[in-house]
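For reference, the structure is listed below as structure tokens.
The values are calculated or read from the model by the stated rules, or taken from the named source; none is laboratory data. Bear in mind that the values here come from a model prediction, so they are computed numbers and not experimental data. Here Cβ is always computed from backbone atoms with ideal geometry, including for glycine, and neighbour counts include all displayed protein chains. Just so you know, the surface numbers come from the protein's heavy atoms only, side chains and all, with ligands and any DNA or RNA stripped out. Shrake-Rupley method; radii C 1.70, N 1.55, O 1.52, S 1.80 Å.
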Amino acid sequence: TDGEVKTRKKTFTEVQAERLEQAERTVLLKCPSKLNEKKLLQYLSSHGSIKSHFFFENRGVHALIEFSDKDSIASLQDAVGVPSSAEHHVPFKSRLFTLSLKNPVSQAAGETPVHLAPQSHIPVKELIQKLCHADSISSQMYILLNEYQLTEENIKLRFLACSLVRDFTRAYFPDSTVKPFGSSVNSFGKLGCDLDMFLDFCDTQKKAAQVKKGPFEMEFQMKRLPSERLATQKILSVVGDCLDNFAPGCVNIQKILNARCPLVKFSHQPTGFQCDLSVSNSIAIRSSELLYIYGCLDARVRALVFTVRCWARVHGLTSSVPGSWITNFSLTMMVMFFLQKRSPPIIPTLDQLKELADEKDKHIIGGYDCSFVSDLSKIKPTKNTETVDELLGDFFEYFGNFDFRKNSLNLRKGKEVNKPESSPLYIWNPFEQDLNISKNVNQPQLEKFIAMARESAWILQKEDKTQRTIDKELWGLAALLVPFGKSNANKMKRMKGIGSETIRSLLDSLKLNNANSLQKAVRK
């Protein structure tokens, strides 16, 4: 009941449903750079009560307006005219509008710039300056989290983009919905990250599963195709064409239909998001919910993940371009595994979450058991009291000395297990247990990660809080967010000691191992 929901933390599914419903009551306006905010809200309120609103910059000023009632949008659409230019337009009434002043010269004089909600995080240089004014490494980590995490406004914008795409998919599939997944909803999304969305037909399938009373059985006549993959490709091909031809603001459409997971890539200009649209990616949704649960259980989880991912990007360990680098998803899973291994553990293993699952939490997808508890109140809080800065140092030390040649990371069990095959980095997919989520990572990239982790652990261990207040130099987390070798001369002298020797000894040992392997091969 509604009362029960208010007295406990909302489940992932409840939060997503609430945000999707909000998005259906929302419109987006392109506005003049200066306007009277109060007059605008009064004007729009003639169509219904406004629940929330904000302005943001994206190729001009835009306003997101959330009405209290969905009927207000129909009222607004009825009162809006079509573009007056001589060009031909597709006659589709969307929820995207352009607002202009009737008398620009006389009206503009009395208008003022509106407050703009940020839609991107601050540059690393600015972040470092903020971090240097913090009073502890823990505080630095929470400052980074606050600067980089998705804002409430940005999340609303993401759900609106999905809702606007759904307006077009329903032309072909009336019961379909378009939902975000991945970093947009798993609580680990960074401002500026891409928007992954999927086309869902669950409502259609649920209705088909309902048994009707009476002496007859009836079912829809539907187009038959030889495989689910072919159906997915055809659906995405048609939806891609629809967005390309008719959807305002959807540009640079790319249909990538022969990928392992077929998708349509496009830019959504009104919101500024780079979007990937796929079909009913059920296991990816379960992964999103699992991470959401971990992120909700303890504040240290998200602070540590955001810090490690920012550190990795600064040092070139991750990249926005696909390749042999460690991905953000793999890094996030490495943090989760590390937190499972603490004593006492900070987060439970997937098998422990499965034990808490009830009947409604049971999910078997493609033969894989994706069951785990959804009610956060059933999960006991951790008794671990380590500070987040202690965890950061121990994370670098743990993986700087991890035996990657022999062991793999298994989040279902929270244990190191022998590698099933010879990939340099092996992280078991939490659900599809025959897959390695880090299979793309090559040996040089793993060696670079180990070297950077060891150097970072050394820097944190040698942190002299007295000296940094006198020298006013980079300290703590700020010192880790500068590419090693690019900070000042005094720091370089300190780093030429144990830390650099650590890297050299690591690389020498790797060369020695390679040489021994070669000798063995020659003897054979």
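Observations, loosely collected:
- Positions within the stretch 330-351 being free of Cβ contacts under 8 Å to residues at least 60 places away in the same chain and part of a helix (DSSP H, G or I), in sequence order: Leu331, Leu339
Condition check ((1) part of a strand (DSSP E or B); (2) open to solvent by 60 Å² or more (accessible area, probe 1.4 Å); (3) not aromatic (Phe, Trp, Tyr)) across all residues:
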position: Lys380; (1), (2), (3): no, yes, yes
position: Asn384; (1), (2), (3): no, no, yes
position: Glu390; (1), (2), (3): no, yes, yes
position: Phe395; (1), (2), (3): no, no, no
position: Tyr398; (1), (2), (3): no, no, no
position: Phe404; (1), (2), (3): no, no, no
position: Ser408; (1), (2), (3): yes, no, yes
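- Selection from the stretch 305-329 of residues that are assigned to a helix (DSSP H, G or I) and without any contact (Cβ under 8 Å) to a residue 12 or more places away in the chain: Arg313
- Among the residues making up the stretch 412-435, those that are open to solvent by less than 20 Å² (accessible area, probe 1.4 Å) and either farther than 24 Å from Ser319 by Cα or not in a loop (DSSP other than H, G, I, E, B) (or both) are Gly414, Ile427, Phe431.
- Only one entry of Leu157, Leu144 meets the criterion of being part of a helix (DSSP H, G or I), touching a Ser or Thr at 6+ places or on another chain (Cβ under 7 Å) and either acidic (Asp, Glu) or assigned by the TED database to the domain that holds Gly60 (or both), and that entry is Leu157.
- Phe306 meets the conditions (1) at pLDDT 95 or above; (2) surrounded by fewer than 18 Cβ atoms within 10 Å (Cβ to Cβ) in every case but one. The failed one is (2).
- Some residue of the stretch 80-102 being of a type outside the set (Gly, Ala, Ser) and assigned to a helix (DSSP H, G or I): no
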